[in-house]
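The values are calculated or read from the model by the stated rules, or taken from the named source; none is laboratory data. As the structure is a computational prediction, the values presented were derived from the model and not from experiment. In this analysis, Cβ positions are derived from the backbone assuming ideal geometry, glycine residues included, and neighbour counts consider all displayed protein chains. What goes into the accessible areas is simple: the full protein's heavy atoms, side chains included, and nothing from ligands, DNA or RNA. Shrake-Rupley method; radii C 1.70, N 1.55, O 1.52, S 1.80 Å.
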Amino acid sequence: MYFLNRFVLIFCLILFKSNFALAGDVKGNVKYEGGIPKMKPIKMAADPICDGQHAGGPARSEWLLAKGDGSLKNVFVYVEDGLNGKKFEVPSESVVLDQVGCVYVPHVSGVQVGQNIDILNSDGTLHNVHSMPKNKNNKAFNEAMPGARKKITKKFDDAEVMVRMKCDVHPWMGAYIGVVNHPFYAVTDENGNFTIENLPPGEYTLKAWHERLPSKTATIKVDADGETSVDFIMKRPPKKE
Ligand SMILES: [Cu+2]
């Protein structure tokens, strides 16, 4: 009896472990190669409520955030190909896009098709949230959010990388949302790092998108248990002759 119990226990442990080992993580880093432009201060004087919220100095544009060593923030990295139409559950928690000091936070984010996006207004001023999808299956929305309107919830019906968001009141406000039909995406942090977790074993095309730089792709192989590493280098397009 004792041995039988032990056997069952070991069997269960193997089953338990394999359940968690049937997927791998993809980790990587994105670097920018080239002269790093200076992000200019945004002139918010048109709306003193916006301006008043940047005590540490004026907000700056965010279209290319690279550190001295090239580490590039705000790159949207996602599985472009290889999932072969597999369906994935839509997370019940919302993705959040906030408006803070008349700047979208975060500047780049991702969401699954059908997943709720809570668009918040942390400012006591009027914003007008305007999505600009190009995919006809995604309906554009254009909604006023007066200072007292603190939250609206939206979603997208089809995959689209990327959907641009803008504010019709503050022309400098812009954000990008990557809409994908799976959970395998990430946005690089200030060190250019990203992690995509729990990818089923297989071969995939991974794509790195940046708002001003040409996209890059890589073919990766993910094993059932372990970590795959992939780095990208992004450059400006060559100047036209
Ligand atoms: Cu605004």
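A few comments on the model shown:
- Most tightly packed first, judged by the mean number of other beta-carbon atoms within 10 Å of their residues, the peptides 179-187, 228-236 read 179-187, 228-236.
- Cross-link pairs beyond the 23 Å C-alpha cut-off, checked among LYS86/LYS155; LYS27/LYS166; LYS27/LYS67: LYS27/LYS166
- From phi via Karplus (6.51, -1.76, 1.60), per-residue ³J(HN,Hα) for the stretch 202-215 in Hz, x at Gly/Pro: x, 10, 9, 9, 9, 10, 10, 10, 9, 5, 10, 10, x, 5
- Protection-proxy order for peptides 66-79, 158-171, each taking the mean of Cβ atoms within 10 Å per residue, highest first: 66-79, 158-171
- Accessible surface of the stretch 24-235, 1.4 Å probe, proportion on carbon and sulfur as whole %: 49
- Helix 2-21 and the longest principal axis of the C-alpha atoms of the chain enclose an angle of approximately 30°.
- Using θ = phi - 60° in the Karplus curve 6.51 cos²θ - 1.76 cosθ + 1.60, the 3J(HN,Hα) couplings for the stretch 82-89 round to x, 8, 6, x, 4, 9, 10, 4 Hz; x is entered for Gly and Pro.
- Charge dipole (debye, nearest 20) of the chain; +1 at Cβ of Lys and Arg, -1 at Cβ of Asp and Glu: 520
- For TYR32, distant residues with modelled amide H under 5 Å away: SER71, LEU72, MET234
- Antiparallel DSSP beta bridges within the chain, as percent of all bridges there, nearest 5: 70
- Calculated on the Cα set of the stretch 34-113, radius of gyration then Dmax: 17.4, 51 Å.
- Using the average count of surrounding beta-carbon atoms within 10 Å as a protection proxy, the listed peptides 58-64, 140-146, 99-105 rank, highest first, as 99-105, 58-64, 140-146.
- Amide H to amide H distances under 5 Å link TYR185 with no residue, where only residues 5 or more positions off or on other chains count and H is placed in the peptide plane.
- Candidate lysines for bridging to LYS240, where Cα separation is under 23 Å - those fewer than 8 sequence places away on the same chain excluded: LYS38, LYS216
- Per residue, the solvent-accessible area of the stretch 79-230 (1.4 Å probe, heavy atoms of protein chains only, all protein chains present) comes to 47 Å².
- Relative contact order computed over the stretch 90-241 (Cα-Cα under 8 Å; 6+ residues apart), in percent: 19
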